[in-house]
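Just so you know, all these numbers are worked out from the coordinates, no wet-lab data involved. Since this is a predicted model, take the numbers as computed values, not measurements. Glycine also receives a Cβ, built like all others from the backbone with ideal geometry; neighbour counts cover every protein chain displayed.
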Amino acid sequence: MNTKKNVLEKMSDRELEQYIQPNSKFVPQAIQYAYEILQSRGRTFTTEEQNHISSLISTTGKSETIIHPNHTKASNLIYLSGAMGIAGLIWTSEQLNSGLAIFISVAVIAFVFGTGYMIGKGNVMFKYLFLFLFAIGILGIPTIIAHLSTDPILAIVNVLQLILQTWAAILLLKIPRTKKG
């Protein structure tokens, strides 16, 4: 989140005090700006208050995770792929003739949506799990081709899922690796 200092400068001292409270949920940049503005307006801080504000800025900053926009875009594409999977299940509902078939179908759809959710949160492990499973899923292209003659609607659903998942995989591969240290 990008905090504009000029927006905070328009606030009253009382409003700015909320930013530096112990239970502040504001981003570190906003807390820093509020502290600087209050100082420029003549507010003096004790050493204890200054230490508290410094720790608030540093601890809030550490807990904040930056999620690359491609995580969110890929997540949304995976959700769409899951929705297409539900459409495919509805189309082939006659094949859901046992409890086990229903359980497996629901579990797979839940896994797709769960993977999309975790990728949207920036989870790197799920990113690589998705890419691995996508690579294995490419082996199913002959099945999609076979469906073109036997069940064209299911083939179209599968092709749309393949397109969405390919797009998601490309977005995930474009995310730069984070440097540690």
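A few notes on this one:
- The range 77-92 and the range 1-53 have Cα centres spaced 48 Å apart.
- Relative contact order [Cα under 8 Å, 6+ residues apart], the range 112-175, whole percent: 28
- Efficiency of FRET between Val108 and Lys25 - r from beta-carbon atoms, R0 35 angstrom, step 0.05: 0.40
- The calculated FRET efficiency for Asn97 paired with Leu160, based on their beta-carbon distance and R0 = 25 Å, is about 0.50.
- Net charge dipole size for the chain [Lys, Arg +1 and Asp, Glu -1 on Cβ; Debye, nearest 20]: 520
- Relative contact order (%) - the range 60-181, alpha-carbon pairs under 8 angstrom, separation at least six: 45
- With a cut-off of 14 Å between beta carbons, the residues surrounding Lys174 carry a summed charge of +3, where Lys and Arg count +1 and Asp and Glu -1.
- Kirkwood hydrodynamic radius of the chain, Cα pairs, Å: 20.2
- Karplus-derived HN-Hα couplings along the range 130-142 (A = 6.51, B = -1.76, C = 1.60, θ = phi - 60°), whole Hz, x at Gly and Pro: 4, 4, 5, 5, 4, 4, 5, x, 4, 5, x, 4, x
- Per principal axis, descending, Cα span of the range 5-63 in whole Å: 28, 24, 15
- The 3J(HN,Hα) values that the Karplus relation (6.51, -1.76, 1.60; θ = phi - 60°) gives for the range 80-97 are, in residue order, 4, 4, x, 5, 5, x, 5, 4, x, 5, 5, 5, 9, 4, 5, 7, 8, 9 Hz. Gly and Pro appear as x.
- Here Asp151 and Tyr128 are evaluated by their C-beta separation; at R0 = 30 Å the FRET efficiency comes out at 0.40.
- Estimated distance in nm for a label pair at Tyr117 and Arg14, the labels positioned 7 Å out from Cα along Cα-to-Cβ: 4.2
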